[in-house]
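A.B. asks: Encoded as structure tokens, here's the structure I'll be asking about.
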């Protein structure tokens, strides 16, 4: 995600990389599970020295959901908080996109699951899911923002709700100390004329070659829970952290190049928020 | 999906339900697993009389994938066939959307998996997944078509690849005789001026209240394969066919009403393709 200050010149170009989607965040919400787990608790369990997690990845604590805090329920709490912040009634939502890298069930997807947990199960509000692993929220944001910009939708909820704690591999300190559970939601709407909020440019790259660097191999039709060749670890999250970071670092310049920013525009970039721990 | 003959009047209305997205199918492809399974084979296995499946649901045979025919591999075969029909090089694709109700793995999603199986794993071509259970293809079609119409994308692949056979419940004749495996792909592009192909209107309703009518309860964070309360059936597809059909029938008039067709436009609807066996 790149945040830029707007420039009058941006609005002139036609069929340029400039999108100029006039969208803003009307409300934000989150839900964190009640149980807060200190790194020391995990470190004692797996037998690494206290402080290893903080030193290795900067994580001092995380939250883990209990069985009553299902992903769709957590997502609904975050969504309702976003609506409350915006002062918008749940029935005023035109679109709900579940944007989670982890699913609660295989079928149906999390869209109708969250909708139902919000008390909107008979509303008919269109609800579906986008899955792009860790970038699911960004992928869904693009879809929602485009529909708002085009005037097809007035208000859209984008919700990510993740429960990683059920799939942690306690034989891999790097993984089991890194991930927690939680949910976030944004309510998006058209930016009013006195608000400068906009999505200016989007660039997206996918390299499937590296599919095994961060993976849960099972829980689908391959290494299905009932298949005779399925291993215990197939239902767990597996990550080669260093190799992933290396690829992300290698590809970042190409990504930025795809945004098509000239030197003056690059100067105006204020924040770069990379997705890497 | 509603197919209409175009009318000159449609183009006039501004901010009407009429989208007028100028998109066409440049190529279609499919892949069917090598193993074709006659209904009689399943009927003998589960102990119902021969001919029950054909009489009950009209299914005489289906295909089941073997372990070498993974979902992303099947999807790639379908995608390559669609490209071949269109005479388009794989590198000429700007977007790949995996639109499957069943996943091959939990992480990553099927987008990069299919991309890699197409030999495009280092191409950077944006690839992600849309999940809306049986309507995943339609949901992805909307996203791809909108981007083509807006000129953000020239060519998009929408790919559905489903392996149901690993999750069949052989205690439920209605389910285990109904579902098979296979993959389809469409290559979409802007319709040339001499081609009338267009997406005119889209209406979408989601009622999460009925989430349990067709479901795979497990394989996610709820009833995770390693959870102590997970049951064998949680990894299997479960369906209340009659109740699902009843809801679909009840809601169909509302769906059609949302399309906003007047009497003359309704007259011009030539095909309605309901998703029900």
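The values are calculated or read from the model by the stated rules, or taken from the named source; none is laboratory data. None of the values given here were measured: they were computed from a predicted structure. Positions of Cβ are generated from backbone atoms using ideal geometry, with glycine treated the same way; all protein chains shown enter the neighbour counts.
A.B. asks: Between A:212, A:194, which is at pLDDT 95 or above, within 25 Å of residue A:252 (Cβ to Cβ) and either away from every other protein chain (no Cβ under 14 Å) or not in a helix (DSSP H, G or I) (or both)?
C.D. replies: On the way: A:194 fails: within 25 Å of residue A:252 (Cβ to Cβ).
The match here is A:212.
A.B. asks: Quick one: which residue in B:114, B:138 is assigned to a helix (DSSP H, G or I), out of contact with any helix residue (DSSP H, G or I) (no Cβ under 9 Å at 6 or more places or on another chain) and within 14 Å of chain A (Cβ to nearest Cβ)? It would help to see each step written out before you state the result.
C.D. replies: Values: B:114 fails: out of contact with any helix residue (DSSP H, G or I) (no Cβ under 9 Å at 6 or more places or on another chain).
Only one candidate passes the filter, namely B:138.
A.B. asks: Would you call residue B:226 surrounded by fewer than 19 Cβ atoms within 10 Å (Cβ to Cβ) and either touching a helix residue (DSSP H, G or I) at 6+ places or on another chain (Cβ under 9 Å) or within 8 Å of another protein chain (Cβ to nearest Cβ) (or both)? Break it down into steps so the answer makes sense when it comes.
C.D. replies: Values: surrounded by fewer than 19 Cβ atoms within 10 Å (Cβ to Cβ): yes; either touching a helix residue (DSSP H, G or I) at 6+ places or on another chain (Cβ under 9 Å) or within 8 Å of another protein chain (Cβ to nearest Cβ) (or both): yes.
Yes.
A.B. asks: Still on this model: Here are the criteria: (1) under 19 Å from the mean Cα position of the chain (by Cα); (2) within 7 Å of another protein chain (Cβ to nearest Cβ); (3) on the phi < 0 side of the Ramachandran plot. Tell me which single one residue B:133 does not satisfy.
C.D. replies: Going through (1) under 19 Å from the mean Cα position of the chain (by Cα); (2) within 7 Å of another protein chain (Cβ to nearest Cβ); (3) on the phi < 0 side of the Ramachandran plot one by one, residue B:133 breaks only (3).
A.B. asks: Helices (runs of 4 or more DSSP H) wholly in segment B:16-88 with at least 3 residues that are crowded, with 18+ Cβ neighbours inside 10 Å and in contact (Cβ under 8 Å) with a residue 40 or more places away in the chain - which ones? Lay out the reasoning, then the answer.
C.D. replies: Numbers: elements: B:39-46, B:52-57, B:71-86.
So the answer is B:39-46, B:71-86.
A.B. asks: Then there's this: Quick one: which of A:233, A:218 is surrounded by 23 or more Cβ atoms within 10 Å (Cβ to Cβ), within 11 Å of another protein chain (Cβ to nearest Cβ) and touching a residue at least 12 places away in the same chain (Cβ under 8 Å)? Even if it seems obvious, please write down each step before you answer.
C.D. replies: Details: A:233 fails: surrounded by 23 or more Cβ atoms within 10 Å (Cβ to Cβ).
Only one candidate passes the filter, namely A:218.
A.B. asks: Sticking with this one: Checking residue A:264 against (1) at pLDDT below 95; (2) crowded, with 16+ Cβ neighbours inside 10 Å: exactly one of these is not met. Which one?
C.D. replies: (2)
A.B. asks: Still on this structure: From B:206, B:244, B:193, which residue is surrounded by fewer than 19 Cβ atoms within 10 Å (Cβ to Cβ) and more than 24 Å from residue B:62 (Cα to Cα)? If you could, list the steps in order and put the result at the bottom.
C.D. replies: Details: B:206 fails: surrounded by fewer than 19 Cβ atoms within 10 Å (Cβ to Cβ); B:244 fails: more than 24 Å from residue B:62 (Cα to Cα).
Matching residue, one of B:206, B:244, B:193: B:193.
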